[in-house]
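Report on the structure given below.
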Amino acid sequence: MPWPKSTKTVRIRKGNLYAADCPTRIVLDDVTSRWGSLVIVLLLEQTYRFSELAYRIGGISEKMLAQTLRVLEEDGFVLREVFPTKPPRVEYSLTPFGQELAERVQYLTSWVENNVAKVMGNREKSRQMSA
């Protein structure tokens, strides 16, 4: 059965990641994107302001950070809190739902950090063999 065009009025109990039109792929893209996973894991540490996130995540543009935060907020993973100060102070943190996700994503990012040398070595061997 195909997925409905709009999921706003339909309750989805469990997705099927392998179905071409399943919204689970959109969520997976959001949380495993180049910047999404970094934002999620970084927010597991503490609450951050926008400029602090931009500083901590090397190479991300302000536009891409804003877009990533907006998507993660829409998905219910990130909480954006505006404080009525002058100038306004905005802080980002994980929702309980986002914390649950971040703990799982952190396993993946930790594995990558711990195994990057092996992966890069394998990549180099593969390139040498095909050259």
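The values are calculated or read from the model by the stated rules, or taken from the named source; none is laboratory data. Since the model is a prediction, treat every value here as computed from it, not as a measurement. When we count neighbours, we look across all protein chains shown, and the Cβ atoms used for this are built from the backbone with ideal geometry, even at glycine.
Per this entry, L79 is not counted among residues that are surrounded by 11 or more Cβ atoms within 10 Å (Cβ to Cβ), part of a helix (DSSP H, G or I) and touching a helix residue (DSSP H, G or I) at 6+ places or on another chain (Cβ under 9 Å). Restricting to segment 87-102, and then to whatever is under 17 Å from F50 (Cβ atoms) and charged (D, E, K, R), can you tell me which residue is modelled with the highest pLDDT? This residue is E91. Listed conditions (1) within 15 Å of the chain's Cα centre (by Cα); (2) closer than 20 Å to E113 by Cα; (3) not in a helix (DSSP H, G or I) are all met by A102, apart from (3).
Scanning segment 57-76 for residues that are out of contact with any Asp or Glu (no Cβ under 9 Å at 6 or more places or on another chain) and either closer than 23 Å to E100 by Cα or surrounded by 14 or more Cβ atoms within 10 Å (Cβ to Cβ) (or both) turns up I57, I60, M64, L65, A66, Q67, L69, R70, E73, G76. The residues of segment 108-131 that are surrounded by fewer than 10 Cβ atoms within 10 Å (Cβ to Cβ) and assigned to a helix (DSSP H, G or I), listed by number, are E113, N114, A117, K118, R127, Q128, M129, S130.
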